[in-house]
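Here the structure is laid out as structure tokens; the discussion comes afterwards.
The values are calculated or read from the model by the stated rules, or taken from the named source; none is laboratory data. What you are looking at is a predicted structure, and each value in this text was computed from that prediction instead of being measured. Cβ placement follows ideal geometry from the backbone for every residue including glycine, while neighbour counts extend to all protein chains displayed.
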Amino acid sequence: MFLFRGSDVYQPGQSPEALQALKQKLMHWVGDLAEKGVHVASEPLEPTGKQVNGTKKTVTDAPYGQGREIIGGCTIVLAKDMNAAIEIAKGCPILESNANIEVRPLQKVTL
């Protein structure tokens, strides 16, 4: 799974044209992954959210992190190992906008 953080284009004060151009590049990249048969799912996240914390179940009005730390979306791909997943992530156009992609393996859960 790729977790996307910190793109300059998603920071306050950026032009709508820059955001639209990046979205188009991302859609093309996801389309290429789908054609290769490695794309499983992609979802952008709204910039708002809430947290429910601890035993007291305290609710706060913010997604996890601040500013560039907030996760903006995720993509799940099929890769044979971590190195293959990293190579796929390196092709993501969001990196051109000073973003960060965290690459994490998903654990299998059996019920």
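When the residues of the range 1-31 are filtered to those that are of a type outside the set (A, V, I, L, M, F, W, C) and in contact with a strand residue (DSSP E or B) (Cβ under 9 Å, 6 or more places away or on another chain), which remaining residue is surrounded by the most Cβ atoms within 10 Å (Cβ to Cβ)?
7
Given the structure, is residue 30 out of contact with any Lys or Arg (no Cβ under 6 Å at 6 or more places or on another chain), farther than 29 Å from residue 13 by Cβ, at pLDDT 95 or above and not basic (Lys, Arg)?
Answer is no for this residue.
Sort out which residues of the range 56-111 are under 14 Å from the mean Cα position of the chain (by Cα) and of a type in the set (S, T, N, Q), and write them in order of number.
Residues satisfying the conditions are 75, 97, 98, 100.
Report, by residue number, each residue of the range 35-87 that is without any contact (Cβ under 8 Å) to a residue 12 or more places away in the chain, among the β-branched types (Val, Ile, Thr) and within 23 Å of residue 6 (Cβ to Cβ).
60
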